[in-house]
């Protein structure tokens, strides 16, 4: 069987996860890692033993051959590497959102279609077994969805320390695609219009000109309603860097899912601390939803027939989040183009 050669674009937290998963996969290998930061590039080269270059153009100039690329750059910087990878003849896995404008998202999808290339969007919660179980039950029960609600929020660590580009994003761009895609995936309905409100207080006072919190109410194509609340200014004392609560009501049932990255708590004489499960299994192999997502992408590249979130779904979510920001600006209900 042919070995799938993958270029990882972006050597941050997510890029490292995807690189480790590729390195661990029996049918794949890292062709190159694109990382312009010199110090980080040295670290990546030592960690993975793969060529580290500035970007895709540099990889192509060096004659590096590949089958696929993973775009793990900041949200606002997806278009250029995605188009460059497609032009090189590679399929792509792009972190959510597909792009930060409808124009960019549509361009990526159109160029990929014209060149016969696969686009997968990194809506990783589809690989969370809790959500997958609920979706299976919803499909088997046949009850129509009445409403869905999701609260997804980060501590202030994320926009102030983890992301250098937070001012170019928002909790709606960074967090809400997860919740919105999950609502679409669970219900089979698409968002058709939205009204949003937001607050700008803490982060602007820290020199980061973006929203602290955004709340959005969507009308869905099946007549149900969807309310999403996303923020990233929770205090650092929270037990987890993120909090995720998802609720679904149908004609016959109600579901509540509480999800975070803490799997247990340890109490000593001094304090109680939460700690997350290991990111590797008992044999030292990477594990977790983003890992399973990357593995499925690699398996699909190897020829397996898998149902993966594609570019069309990515465009839908980008259009909807763009409409959220239009509503924030206008104070009116905004339609979401199909």
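The values are calculated or read from the model by the stated rules, or taken from the named source; none is laboratory data. Fair warning: this is a prediction, and the values are worked out from it, not measured in the lab. Positions of Cβ are backbone-derived with ideal geometry, glycine not excepted, and every protein chain shown enters the neighbour counts.
The table for this structure:
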{"quantity": "Selected residue (criterion: farthest from residue 299 (Cα to Cα)) from residues of segment 88-108 that are out of contact with any helix residue (DSSP H, G or I) (no Cβ under 8 Å at 6 or more places or on another chain) and surrounded by fewer than 19 Cβ atoms within 10 Å (Cβ to Cβ)", "calculated": "103"}
{"quantity": "Test: residue in segment 19-35 that is closer than 28 Å to residue 102 by Cβ, touching a helix residue (DSSP H, G or I) at 6+ places or on another chain (Cβ under 9 Å) and modelled with pLDDT of 95 or more", "calculated": "yes"}
{"quantity": "Residue that is more than 17 Å from residue 75 (Cβ to Cβ) and buried (at least 24 other Cβ atoms within 10 Å of the Cβ), where the choices are 189, 196", "calculated": "196"}
{"quantity": "Helices (runs of 4 or more DSSP H) completely within segment 74-168 that count 1 or more residues being under 26 Å from residue 326 (Cα atoms) and touching a strand residue (DSSP E or B) at 6+ places or on another chain (Cβ under 7 Å)", "calculated": "79-87, 102-114"}
{"quantity": "Any hit, segment 305-325, residues being in contact with a helix residue (DSSP H, G or I) (Cβ under 6 Å, 6 or more places away or on another chain), exposed (fewer than 15 other Cβ atoms within 10 Å of the Cβ) and at pLDDT 95 or above", "calculated": "yes"}
{"quantity": "Subset of segment 41-55 (residues that are crowded, with 17+ Cβ neighbours inside 10 Å and out of contact with any helix residue (DSSP H, G or I) (no Cβ under 9 Å at 6 or more places or on another chain))", "calculated": "41"}
{"quantity": "Subset of segment 300-310 (residues that are touching a residue at least 60 places away in the same chain (Cβ under 8 Å) and either more than 22 Å from residue 110 (Cβ to Cβ) or over 19 Å from the mean Cα position of the chain (by Cα) (or both))", "calculated": "301, 302"}
{"quantity": "Selection within segment 56-73 - surrounded by 23 or more Cβ atoms within 10 Å (Cβ to Cβ) and not in a loop (DSSP other than H, G, I, E, B)", "calculated": "56, 59, 68, 69, 70, 71"}
{"quantity": "Of all residues making up segment 303-313, the number that are over 12 Å from residue 118 (Cβ atoms) and touching a strand residue (DSSP E or B) at 6+ places or on another chain (Cβ under 7 Å)", "calculated": "1"}
{"quantity": "Tabulated pairs, segment 41-70, first free of Cβ contacts under 8 Å to residues at least 24 places away in the same chain, second surrounded by 15 or more Cβ atoms within 10 Å (Cβ to Cβ) and in a helix (DSSP H, G or I), C-beta under 7 angstrom, 6+ apart or interchain", "calculated": "53/59"}
{"quantity": "Scope segment 188-210; condition under 20 Å from residue 244 (Cβ atoms) and within 19 Å of the chain's Cα centre (by Cα); matching residues", "calculated": "191"}
{"quantity": "Condition met for residue 189 (under 20 Å from residue 126 (Cβ atoms), at pLDDT 95 or above and touching a helix residue (DSSP H, G or I) at 6+ places or on another chain (Cβ under 9 Å))", "calculated": "yes"}
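So that you can scan it fast, the table gives a plain yes or no per residue for (1) buried (at least 23 other Cβ atoms within 10 Å of the Cβ); (2) modelled with pLDDT under 95; (3) closer than 30 Å to residue 9 by Cβ:
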residue	(1), (2), (3)
110	no, no, yes
116	no, no, yes
119	yes, no, yes
122	yes, no, yes
127	no, no, yes
135	no, no, no
140	no, yes, no
151	no, no, no
161	no, no, yes
